[in-house]
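The values are calculated or read from the model by the stated rules, or taken from the named source; none is laboratory data. Owing to the predicted nature of the structure, the values given are computational and were not obtained by experimental measurement. Cβ sites come from the backbone with ideal geometry, for glycine too, and all protein chains shown count toward neighbours.
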Amino acid sequence: MSSSATACAKVILLGEHAVVYGRPAVALPLPEIRARAEFIPESYPFTLDAPQIGVNARLDELSPNNAIVQVLRIVSSRLGESLPAGRLRVTSDIPVAAGLGSGAAVTTAIVRVLAAVFDRPLTPQQVSAIVFEGERVFHTTPSGIDNTVIGLERPVLFVGGSPPEALPLGGPFDLVVADSGDRCETRVAVESVRQSWWRDTPGMERLFDEVGECVGLAVEALRVGSLGDLGRLMNRNQELLEAIGVSTPLLGRLVAAARDAGALGAKLSGAGMGGSVIALATPGGSPAMAQSMRAGGAAWVRTTTVHP
Ligand code: PMV
């Protein structure tokens, strides 16, 4: 009998990059956008079927550097089980290298399905810890925010090294998520910020402190449901991300397109240097913002409601 599992995409509402340097960040799941892993037992050796990346081969035929192969090795070693005979099919609706947690979501779905195949129930925290190991292979200094929010699938306030805190929300709100279509791997953006930090440590630390202050104020705005304040803090966070050096002209144009269409706030989300922009909508304002962001050059746009 086949087994299947899924995992959601995510956005970082505020605090990316500064979170790698110990400041807090807020992340939200996107439950409607998901990665899937299905395992079908067969008589032939373990085979990976990932049509979106053009892979359909036995594990021993694939490069050991293939990202999913590395993940599979980690999962099998953590669970102390060898990969069984059969086909693992991996698909995803999440744009890749777009700041939406595609890699962590695919890994989470794989961990969940193999845990089911091996009949080894894992807590969300155990799944998240295994996915974190995979994240470390892809970019050496992950904060852990992606695996945490995707593993728990609920809004989180995250500070590296501490257990994530549940994030009380005063009410629902609408977000528009727009992928610019420009690609940048997280590790490239993180490394570029690291170079800037080596060049000007006090200056970058000041920027990270300001990001941390925005996050603290945003947590309060979220708690009382003050969307105007939340939007202003997102706009301030975007200015700080520009100063940190990870925005681009296209991301800036998408931010402007959202604000022109009435967004309460807009910013890049995730690693930047490409990837996605998120915009906070007024009630009922999402369609106009989505249209404006498409006209501004977005390759892919989704609207979502975040629920308490
Ligand atoms: O993986 P992305 O593109 O969503 O970005 C992760 C956020 C960073 O703060 C840039 C890196 C990290 O590990 O937290």
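crowded, with 19+ Cβ neighbours inside 10 Å and either over 16 Å from V19 (Cβ atoms) or within 14 Å of the ligand (Cβ to nearest atom) (or both): is that true of V127 in this structure? Yes; evaluated as a whole, the condition is true for this residue. The sole residue among E220, E239 that is free of Cβ contacts under 8 Å to residues at least 60 places away in the same chain, of a type in the set (D, E) and either crowded, with 18+ Cβ neighbours inside 10 Å or within 17 Å of E165 (Cβ to Cβ) (or both) is E220.
Residues that are modelled with pLDDT under 95 and closer than 22 Å to P95 by Cβ: which helices (runs of 4 or more DSSP H) entirely in the range 132-235 hold 2 or more of them?
145-152, 186-199
For the range 265-308, the tally of residues that are within 18 Å of the chain's Cα centre (by Cα), buried (at least 24 other Cβ atoms within 10 Å of the Cβ) and assigned to a strand (DSSP E or B) stands at 9. Evaluate the range 48-59: report whether one residue or more is in a helix (DSSP H, G or I), more than 16 Å from the ligand (Cβ to nearest atom), free of Cβ contacts under 8 Å to residues at least 24 places away in the same chain and over 26 Å from T140 (Cβ atoms). No, because not a single residue in the range 48-59 is in a helix (DSSP H, G or I), more than 16 Å from the ligand (Cβ to nearest atom), free of Cβ contacts under 8 Å to residues at least 24 places away in the same chain and over 26 Å from T140 (Cβ atoms). When A105 is tested against the conditions (1) within 12 Å of the ligand (Cβ to nearest atom); (2) not in a helix (DSSP H, G or I), the lone failure is (2). Residues in the range 1-23 that are surrounded by fewer than 24 Cβ atoms within 10 Å (Cβ to Cβ), of a type in the set (A, V, I, L, M, F, W, C) and outside any strand (DSSP E or B): M1, V20.
Can P121 be described as more than 14 Å from the ligand (Cβ to nearest atom), in a loop (DSSP other than H, G, I, E, B) and under 27 Å from A166 (Cα atoms)?
yes
Taken over the range 79-102, the criterion of being within 11 Å of the ligand (Cβ to nearest atom), of a type in the set (G, A, S) and closer than 11 Å to A7 by Cβ is satisfied by G101, S102. Out of all the residues in the range 242-256, which are among the hydrophobic types (A, V, I, L, M, F, W, C) and free of Cβ contacts under 8 Å to residues at least 40 places away in the same chain? Selection gives A243, V255. The requirement of being out of contact with any Asp or Glu (no Cβ under 9 Å at 6 or more places or on another chain) and either surrounded by 21 or more Cβ atoms within 10 Å (Cβ to Cβ) or at positive phi (or both) is fulfilled nowhere in the range 137-147; no residue meets it.
Take the range 18-47 and flag every residue that is within 16 Å of the ligand (Cβ to nearest atom), touching a Lys or Arg at 6+ places or on another chain (Cβ under 9 Å) and of a type outside the set (A, V, I, L, M). Matches in the range 18-47: P29 only. Within the range 236-248, the set of residues being of a type outside the set (D, E) and part of a helix (DSSP H, G or I) comprises R236, N237, Q238, L240, L241, A243, I244. As a summary of the residue check, L230 satisfies the conditions (1) more than 18 Å from H17 (Cβ to Cβ); (2) surrounded by fewer than 17 Cβ atoms within 10 Å (Cβ to Cβ) except for the one numbered (2). Among all residues of the range 154-168, there is at least one that is out of contact with any Pro (no Cβ under 7 Å at 6 or more places or on another chain) and either within 11 Å of the ligand (Cβ to nearest atom) or of a type in the set (S, T, N, Q) (or both).
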